[in-house]
Amino acid sequence: MLRGADIVLRCLRAEGVDLVFGYPGGAIMPLYDALEGSGVRHILTRHEQGAVFAAEGYARATGKVGVAMATSGPGATNLVTGIADAKMDSVPLVCITGQVRSSLIGTDAFQETDVFGLTLSLTKWSRLVRSIEEIPEVIAQAFHWARSGRPGPVMIDLPVDLLKATMEFKGPVKFHPHPKAADAKAEVFTDTLIALLQQAKKPVALVGAGAKLSGAVSELRSLLDCLQIPTFATVHGLGAVKQEAPYYLGMVGMHGTRAANMALHETDLLLVFGARLDDRVTGDPTRFAPDARIVHFEIDPSQLDRVRPCELAVIGDLAETIPAFHEELSRAPLPKWDAWRAIAGGQDRAELDAAGLAQPTKRFLDELFRRLPADSVIVADVGQHQMWAAQRYRSSTPRGFITSGGLGAMGFALPAAVGVQLAKPETTVLCVSGDGGFQMNIQELATVHRLGLPIKIVIVDNKYLGMVRQWQQLFYKRNYAETDLSDNPDFVEIGKAYKIHAQPLAEEALTEFPLSAETADVLDRFWKSSEPELLVFECAPEANVFPMVPAGAALSEMMLEED
């Protein structure tokens, strides 16, 4: 005979879970009472949002399901932003919340919230458990749906009386979906696709997160090496393509490279590998790749035809569809497209290098990234620093750049970095944040200190909500309404208060050529320390991120630095 709480933990272990993130409270207390000896390690964050972002960081870094726990009412509602983030970015996540006693549901009891209804539109699957007998099947289903197809978040709401109740436990169960719900065997219409390639004069490839989520990075790289066509990545696709590949043009979209955006605008055949084609990638959707036929490799049919109809939809897991296509492609004669690739890529690398020298913040990130050990992970928050970091990223590590993309949730990076570091204890983890976003989950410095995690933390401090201020400058006549953060606290002293070594670095130090010995020593010490480190970079208040595609503009209508 086992309590419901013990059954939950036994089922989690059966799913391979040995690490969960959470914050206790009344309605979930029995589950916390059962943790000791369960084989499940619990990480106490200092806020439920910190817990769910940390679980996301763990999942994004490993591809495994992240698990977050919270109590009823405010505990559950504090998970909502992370759940929405996981839904937008296809992160496998299981959230477990306590709920008031079954007999009190619907009575507005203390800390009662309709978590099932609240998260219905944000989850792939959710369940309010009604009996202790349901628990093994519910947990098995939850992990199946979190992992299967396009990954995403699920929610399990557990009334406290069911966690306390007992039953004879016969062991975890396996969920077997109805055959109609199982993923269909992918079919690749290779004849049509090869014909499109043979007719194309300016083919390009766009790589999104799907290549990583499917585990098809090596297969994709082999295919691209075969095609040798201009290729670019979304922010979540960074690292999927080899940086040294001569056909790779960098990031595409609102803050993408000019080479990538112009090649996408001019193409006549666009191969999309696991990308949603959201507005940050397309610009004005009515003028997105206006002359292109689109071939969309995608596991989620709901993502097709969002911008305009595809010429060909290749539905299925990229780990199956890409190799099948590549096998047929190897037997087909194709043009070389050398002239097109040369034109598309000719303005890329030199421009990137020049931009890095011209702007101190970019040079600062270049100097940081140049010192990064191989296979490091960068976790970026949301704002100008996020786009600068994405632009300067030069790694070929598939899961080496992690950020909140679709939702753009400020405060993501620090707790997510906690999850990444716990998932990969031997890996160097760099958290890049802004002064605005950092203060949204600053309390997780306590988690970093308590666990002794050697996370390297950078705050790009421009004393503004930088991205909003940039838009106010460019499109609202410099009306900097409520974006002034000039009364920021002293982040160095805050770091020290959390017993984390911290020091400032002035922007002027990055205008020296070469770097002074003092500045180089600061950066070297930052990396070589075996302890957590905080470095506060004092950025110019009105530094802007370019290139930039304004809202409603086509990708070809980028604003450049000199504009």
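The values are calculated or read from the model by the stated rules, or taken from the named source; none is laboratory data. Small disclaimer: the values here were computed from a predicted structure and weren't measured. Note that each Cβ is placed from the backbone with ideal geometry, even for glycine, and that neighbours are counted across all protein chains shown.
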Within segment 66-106, can you find the residues that are more than 16 Å from the chain's Cα centre (by Cα) and charged (D, E, K, R)?
101
I need the full set of residues from segment 246-258 which are on the phi < 0 side of the Ramachandran plot and either touching a Ser or Thr at 6+ places or on another chain (Cβ under 8 Å) or surrounded by fewer than 24 Cβ atoms within 10 Å (Cβ to Cβ) (or both), in order please.
246, 247, 248, 249, 251, 252, 254, 255, 258
Looking only at residues that are modelled with pLDDT under 90 and part of a helix (DSSP H, G or I) in segment 162-210, which one is surrounded by the most Cβ atoms within 10 Å (Cβ to Cβ)?
190
Answer residue from segment 528-537, given it is more than 14 Å from residue 384 (Cα to Cα) and of a type outside the set (Ser, Thr, Tyr) and is modelled with the lowest pLDDT among those:
528
Are there any pairs, at least 6 apart or on different chains, whose C-beta atoms fall under 6 Å, with the first in segment 273-293 and within 20 Å of residue 408 (Cβ to Cβ) and not assigned by TED's automatic domain parsing to the domain that holds residue 240 and the second assigned to a loop (DSSP other than H, G, I, E, B) and not hydroxyl-bearing (Ser, Thr, Tyr), and if so, which?
none
Return the pairs, sorted by first residue and then second, in which the second residue is part of a loop (DSSP other than H, G, I, E, B) and buried (at least 18 other Cβ atoms within 10 Å of the Cβ), the first residue lies in segment 108-120 and is among the hydrophobic types (A, V, I, L, M, F, W, C), the beta carbons are less than 6 Å apart, and the residues are 6+ apart or on different chains.
109/100
Of all the strands (runs of 3 or more DSSP E) wholly in segment 370-450, which have at least 3 residues that are surrounded by fewer than 24 Cβ atoms within 10 Å (Cβ to Cβ) and in contact (Cβ under 8 Å) with a residue 24 or more places away in the chain?
none
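Considering each residue of segment 367-384, count those that are over 15 Å from the mean Cα position of the chain (by Cα) and more than 18 Å from residue 527 (Cα to Cα), and give that number.
First, pick out the residues of segment 367-384 that are over 15 Å from the mean Cα position of the chain (by Cα): 367-376, 384.
Retained after the next criterion (residues that are more than 18 Å from residue 527 (Cα to Cα)): 384.
Of the residues in segment 367-384, 1 are over 15 Å from the mean Cα position of the chain (by Cα) and more than 18 Å from residue 527 (Cα to Cα).
When you scan segment 149-158, do you find a residue that is over 23 Å from residue 27 (Cα atoms), under 31 Å from the mean Cα position of the chain (by Cα) and modelled with pLDDT under 95, even just one?
First, pick out the residues of segment 149-158 that are over 23 Å from residue 27 (Cα atoms): 149-152.
Filter again for under 31 Å from the mean Cα position of the chain (by Cα), leaving 149-152.
Next, from what is left, pick out any that are modelled with pLDDT under 95: 149-150.
Yes, because at least one residue in segment 149-158 is over 23 Å from residue 27 (Cα atoms), under 31 Å from the mean Cα position of the chain (by Cα) and modelled with pLDDT under 95.
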